[in-house]
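The values are calculated or read from the model by the stated rules, or taken from the named source; none is laboratory data. Worth saying up front: this structure is predicted, and the values here are computed from it rather than measured. Neighbour counts are summed over all protein chains in view; Cβ atoms, including those assigned to glycine, are modelled from backbone coordinates with ideal geometry. We work out accessible area using only protein heavy atoms, side chains counted, and drop any ligands, DNA or RNA first. Shrake-Rupley method; radii C 1.70, N 1.55, O 1.52, S 1.80 Å.
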Amino acid sequence: NPSLNSDPPIQIGRTKVFLRSTALDVLECLRDRNLLDRAVVLQTFVRSGQARRTLRAARLIACWGQFRWRRGQRAGKAQRRNSALAIQRAARRMLTNRQMRAATRDQK
């Protein structure tokens, strides 16, 4: 029937809008595409926020690890210095004792 095919897909009345099934299919396709685009934008926003939080946590862990390592290095230096001082103190004490014994032996 040629008269049905020549009718426009949309007819606007005084209070209503009449759609043929083809026009409704087109509108639904556009709506689906729009919803999909919005969902992608929302997913991008959420995933970028998650990535930022993950990166911030990794950076915090790395900084904390560096702090602990550097503090250990400083403690190691102090410990080595204290050990060296203890060895020097013991060596001086030993030399002084030897000198004292030698001096007392010479006086006898």
Does any residue of region 28-45 turn out to be open to solvent by 90 Å² or more (accessible area, probe 1.4 Å), part of a helix (DSSP H, G or I), among the aromatic types (Phe, Trp, Tyr) and modelled with pLDDT of 95 or more?
yes
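If I filter region 73-108 down to residues being of a type in the set (Ser, Thr, Tyr) and surrounded by 10 or more Cβ atoms within 10 Å (Cβ to Cβ), which single residue comes out as modelled with the highest pLDDT?
Checked region 73-108; the qualifying residue modelled with the highest pLDDT is Thr96.
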